[in-house]
Amino acid sequence: MIKVLIFILGFAFSTCIFAQAIDFNPKQIHSDIEKLQVSGIDTGIEILEIGLYNNNIVEEGKFFNVMNKSTDKIINHLYIGRVNSCRAGGCSIDRELIDNETSEYFDYYILFNLDCKISKVRIYNYQASHGQEVTSKNWLKQFIGFDDKSTLKVGKNVDAISGATISVYAITNDIESKTLLMRKLINTQRELGYEHSSLSTQ
């Protein structure tokens, strides 16, 4: 009976931890967007979800357009999502785990310019017991300028980090796949001539 009770309590605790909803409006995001804009320009912004993709293909993340309120124009594109790891119910890495390798999850965002090149990557909710080195601004800077015309390879154009192997592979693969999806969404918006009519504010 005690073992059953411990199991139930452990399951409930882990469910609470791993079921935490993604914060799609992290406090850092507005300041990061404004820093990317030309100084002296009114950068009052509105972040609106893009409604041109199948939510089934992105289980834990959303794509957005960042609008300048004064001009009603798109100034950036944005992806906010979660990278699940092995403990949280699915690895986001492209290799087999080595014995005893485990990790949890983290939430992050990618800011893209209008040409779908990465302007900024930030991890804002790292729920793991190890691998925090990937949250370093200096390490994340290496993704700036990446677009859908190239590929990302750990050990080649992405620095490996000893002790953070799973997190490095997980975010690298996710950034690459979400950049490809963002390019498709941008092209679709342009083809359809969508502005506000293509957006959802869910």
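The values are calculated or read from the model by the stated rules, or taken from the named source; none is laboratory data. Remember, it's a predicted structure, so these values are computed and weren't measured experimentally. Cβ: placed from backbone, ideal geometry, glycine included. Neighbour counts: every protein chain shown.
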Only one of SER39, SER85, SER14 is buried (at least 20 other Cβ atoms within 10 Å of the Cβ), modelled with pLDDT under 70 and among the small types (Gly, Ala, Ser), namely SER85
If you take the residues of the range 151-187 that are modelled with pLDDT of 90 or more and hydroxyl-bearing (Ser, Thr, Tyr), which of them is nearest to LYS137 (Cα to Cα)? THR172
Output yes when any residue across the range 46-61 is out of contact with any strand residue (DSSP E or B) (no Cβ under 6 Å at 6 or more places or on another chain), under 21 Å from LEU114 (Cα atoms) and modelled with pLDDT of 90 or more, and no when none is. no
Identify, please: which residue in the range 118-150 is free of Cβ contacts under 8 Å to residues at least 24 places away in the same chain and of a type in the set (Phe, Trp, Tyr) and is, among those, nearest to PHE106 (Cα to Cα)? TYR126
From (1) assigned to a loop (DSSP other than H, G, I, E, B); (2) under 14 Å from the mean Cα position of the chain (by Cα), pick out the condition that doesn't hold for ALA170. (1)
Residue ID - nearest to ASN76 (Cα to Cα), chosen from residues in the range 119-158 that are surrounded by fewer than 16 Cβ atoms within 10 Å (Cβ to Cβ) and among the small types (Gly, Ala, Ser): GLY145
